[in-house]
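To start, the structure itself, in structure tokens.
Readers should treat all values here as calculations from the given coordinates under stated rules, not as data from a laboratory. None of the values given here were measured: they were computed from a predicted structure. With ideal geometry, Cβ positions are generated from the backbone for all residues, glycine too; neighbour counts draw on all protein chains shown.
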Amino acid sequence: MVVGSLGVGCYASEQLLKPDPSQEAGYEVEVLGSREENVELSATTNAQRIGTYGLEWAEGYGQVESILNSDESEITREFHPIWGIPEPGDALLDSWAFPHDPERAFGMEYEEIQVTSELGELPAWYVEGTKDTWMIFVHGHGTDRGEGLRILPTIVEQGFPSLVMTYRNDAEAPKSPDGLYHLGQTEWRDLEGVATERGAGELRVHLR
């Protein structure tokens, strides 16, 4: 029994730490129709998720908010287009709720840079600031740098130079030797020296 428990625990741990490149960055939904201020989605569990979500489709992006009406076949939600109006068809809801770069999300000027690490080059978004203290945004488990977009405007408005970066085992970044997440135990080395190489006087890390 003890051996069996250990085996299950090891398997579960490996599944938790193993990146899944096939994992969708959102929840599948079907758009049935739309107007400028609301969108109709098929009545599924994903379409009924409470909160503000991004709605991404092939030719555009917007935000869905409150549920205005629902029945067995259709859910109508408040909709704010960012670009484009969705046609009927497949789409994704994502919890970031913003298009996946600072310019599309906020009209914010940024630079796409490559950060040097012991494993290779790591893509990052860099936004200039006036202060000596830099902010580096570190995303959570099983996601990517887009997770930092929600808080980015608040930090940039205060004048902090900011890096929103990838690190080992992200889809855009090099893999670790064992191909597993280490929940910060090794990933911290991808952050070390990043800002100081570009002239930062002090470094703070924002964890998501």
- [ ] With just the Cα atoms of the stretch 46-107, tell me how far they stretch along each of the three principal axes, in Å, largest first.
- [x] 38, 22, 16
TODO: Between residue 52 and residue 183, with labels modelled 7 Å along Cα→Cβ, what's the label distance in nm to one decimal, could you check?
DONE: 3.1 nm
Task: Debye log10 I(q)/I(0) at q = 0.21 Å⁻¹ for the stretch 56-208, Cα point scatterers - done: -1.31
TODO: Kindly list the residues of the stretch 26-63 that lie in the label zone of residue 95, defined by a backbone N under 20 Å from the point 7 Å along the Cα-to-C-beta vector.
DONE: 26-30, 44-57, 62-63
Task: Inter-label distance for residue 151 and residue 175, nm, one decimal - labels placed 7 Å from Cα along Cα-to-Cβ - done: 3.1 nm
TODO: Just check the stretch 118-195 against the gyration tensor rule for me: Cα atoms, a ≥ b ≥ c as the square roots of the eigenvalues, rounded for a/c under 1.5, and otherwise prolate or oblate depending on whether a/b exceeds b/c.
DONE: prolate
Open item on the list: Need one number: nm distance between label points at residue 59 and residue 130, each 7 Å from Cα along Cα→Cβ, rounded to one decimal.
Closed with: 4.3 nm
Open item on the list: Per-residue counts of other Cβ atoms within 10 Å, averaged by peptide: what ranking do you get for 66-74, 113-121, 54-62, highest first?
Closed with: 54-62, 113-121, 66-74
- [ ] Would you mind calculating the gained length between residue 87 and residue 112 on full extension (0.36 nm times residue separation, minus the Cα-Cα distance), in nm to one decimal?
- [x] 5.9 nm
